[in-house]
1. On the first, second and third principal axes, largest extent first, how far apart are the outermost C-alpha atoms of the range 19-106 in Å?
2. Which whole-Hz couplings ³J(HN,Hα) result when phi for each residue of the range 19-34 is put into the Karplus expression 6.51 cos²θ - 1.76 cosθ + 1.60, θ = phi - 60°, listed in order with x for Gly and Pro?
3. Relative contact order for the range 7-105: what is it in percent, counting Cα pairs under 8 Å that are at least 6 residues apart?
4. So what is the relative contact order of the chain, in percent, for Cα pairs below 8 Å that sit 6 or more residues apart?
5. What whole-number value in Å² describes the accessible area per residue of the range 76-143 for a 1.4 Å probe?
6. Compute the helix-to-body angle for 253-274: its Cα long axis versus the longest principal axis of the chain, expressed 0 to 90° and rounded to tens.
7. Give the calculated FRET efficiency between PHE171 and LYS61 to the nearest 0.05, with a Förster radius of 30 Å applied to their Cβ-Cβ distance.
8. Exceeding 21 Å between C-alpha atoms, which entries from my cross-link table qualify? They are LYS6/LYS74; LYS265/LYS373; LYS6/LYS274; LYS108/LYS274; LYS306/LYS364.
Amino acid sequence: MSQRTKIKALLQSQQTEIDVTVKGWVRAFRSNRFIALNDGSTNNNIQIVVDFENTDPALLKRITVGAALSVQGKLIASLGKGQTVEVVASDIEILGDSDPEKYPIQPKKHSLEFLREHAHLRFRTSTFGAIFRVRNSLAFAVHQFFQERGFVYLHTPVITASDAEGAGETFHVTNFDLDNIPKTETGEIDFKQDFFGRATNLTVSGQLEGELGAMALSDIYTFGPTFRAENSNTTRHLAEFWMIEPEVAFNDLVDNMDLAEDMLKYVIKYALDKNADDIEFLTQRLTEEEKTKPQNERSEMTLLEKLQFCLNNDFERLTYTEAIDILKESTPNKKKKFVYPIEGWGTDLQSEHERYLVEKHFKKPVILTDYPKEIKAFYMRQNDDGKTVRAMDILFPGIGEIVGGSQREERLDKLEQRMNEMGIPTEELWWYLDTRRFGSCPHAGFGLGFERLVLFVTGMGNIRDVIPFPRFPKNAEF
Ligand code: ATP
Ligand code: MN
C-alpha cells in the first residue's frame, strides 16, 4: 500500500483496520509516542502512534517539529480523547529532517508580526493554513458565481499606459538602464526610447478595459492583480492586491447593487459550507483575541455569527446625503470624538465614519450611493441634480469600504465635459470614448478588493495576513 491518503480523507474515513500511507509535517511529538502530523488538507492533525520500544532510537530522534515524514500503518478507531481515528505506525520514513534548534515555527503561540517575518513558513501554522484554504475557496466561489451567470472572465492588461482614476499612485514599468536614462533635448525623460515607446505603469484597475469587453460581451468580470504605490501604512491597504471587477451592459445602479450583494453572500456562503472547520477554528482564534481587548471594544458577535448575520440580512441602502445627516447628528460627532468632524456636505467619508455607520448605527453591511461628483472618478454617471454621481460603496463591519462601483456615464458629451473639468486627457483615452461613440448604452460595474473580503471572512485584523506574500512600503521579501 503505497498510495498516499490525505489526512482530511483519513479523518473522515468510515472504514478502520485498513493499511494506509500518510505523508506530512510534524506539528508536535510527545512522549516519544504520539506524532501530530499535518499535510495542509485540513486544519486537524492526524495522530500517529509510534511503537517506541521497537523503533530505532536514532530514527526517533529525527522525528522533530517541522520534519517531513512518510508513515505506513493501520488506521484504527482511537481510544484517546480528541480524535476518532489514529494511525498505528508500522514504518516511518524521514523524508526531510528539521533542526529543532533552528526551526522558527514551534508548537506554541507565535505573534502575527513574528509570523509575517517568517511568511515562507507561516503556512505551517493552523491559523495560516485555515486562512489560505478559505482564500482558495473564496477565489473559486467568485469564478463559480460569475460562470453560473454566464459572465465572461476577461483578462485585462497588467501593464498599461493609463491611470484609471488619475490618482497617480502607480508603479512605473520600464527597461531603461536606471543609471543612464535617455533624456530629450529639453532634459525630460525620453519615453520614446523606452520599451513601449511611451510611459507605462502597472495597472491600478482593469475597469476601463473591462468596459470595452462589456460593450460587446455584455457581462464580463476580471480577477487579477492590481498595484498601487500608496504610501498608506494601514491594515487595509497593500501595494499589490487582487481585485474582482464585473462590468455589465444594460445594468443600472440598482442592478449593480443587487449583483454585488448577491455575489458577496454567495461567496461567503460557499466558504461557510466548504470550510466549516477552518471558520470554526478562526472563530475561536478571534474570540480568544477579543478577550485581550477592553470590554467596550469587543465585538458583540463571534466571527461565525457575523458571517451568518451578513447572509441573513439585506444590506442597508442609503444615499451619501442621508449618511451625512446621520453622521452629523451622531453622538461621536457631537462629542467631537471623530478625528475628522463632519461639518458639512461634500467631503469624503473617512473610515471612522464608515465604521460608525456600519458597526454602531445600522449594525450591518451598508451600501452608500450618490456621492458628490467632486470626490469620485470622472466615469461615474452624473445625476440630474448636477451635484452627485451614481456611485456606490459597500461598507463592511471591521473593514470599511469593501466594494467601490458605479453606473457609468454613457453619454459622450457629459463624459467629455467631466473629463475636461477634471483635466483628464480625452485624446489619450480615445479608445475608451469610442465605446460612447459607437453603440453606447447604460452599464455599471464595481471593484471588490479580494483581500478585504478574505479579511472579513477570516476575521483577521491586518490585510498583510490574508495574502501569502504581502507587498507594502519597504517590504518585498520572499
Ligand atoms: P480606499 O478608500 O479604501 O483606499 P479606494 O476608494 O481607493 O479604497 P477603489 O479604487 O474603489 O478603492 O478600489 C476598489 C476596491 O479595491 C476597494 O473597495 C477596496 O476593496 C480595494 N482596494 C483599494 N485599494 C486597495 C489597497 N491598496 N489594498 C487592498 N485593497 C484595496
Ligand atoms: Mn485608495
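1. Computed over the Cα atoms, the extents are 35, 30, 21 Å.
2. Values per residue, Gly and Pro as x: 7, 9, 10, 10, 10, x, 10, 6, 8, 7, 9, 10, 6, 6, 9, 10 Hz.
3. Numbers: 210 pairs, mean separation 29.6, N = 99.
Worked out over the range 7-105, it gives 30 percent.
4. After rounding, I find 13 percent.
5. Working: 3690 Å² over 68 residues.
For the range 76-143, the per-residue accessible area is 54 Å².
6. 0
7. Working: r = 49 Å, r/R0 = 1.64.
With a Förster radius of 30 Å, E is 0.05.
8. Details: LYS6/LYS74 14 Å; LYS265/LYS373 29 Å; LYS6/LYS274 17 Å; LYS108/LYS274 28 Å; LYS306/LYS364 9 Å.
From LYS6/LYS74; LYS265/LYS373; LYS6/LYS274; LYS108/LYS274; LYS306/LYS364, over 21 Å: LYS265/LYS373; LYS108/LYS274.
The values are calculated or read from the model by the stated rules, or taken from the named source; none is laboratory data. Keep in mind the model is a prediction, meaning the values are calculated, not measured. For neighbour counting, all protein chains shown are included, and Cβ atoms are generated from backbone atoms with ideal geometry for every residue, glycine included. When the accessible area is computed, the model is the full protein with side chains, heavy atoms only, and any ligands, DNA or RNA have been set aside. Shrake-Rupley method; radii C 1.70, N 1.55, O 1.52, S 1.80 Å.
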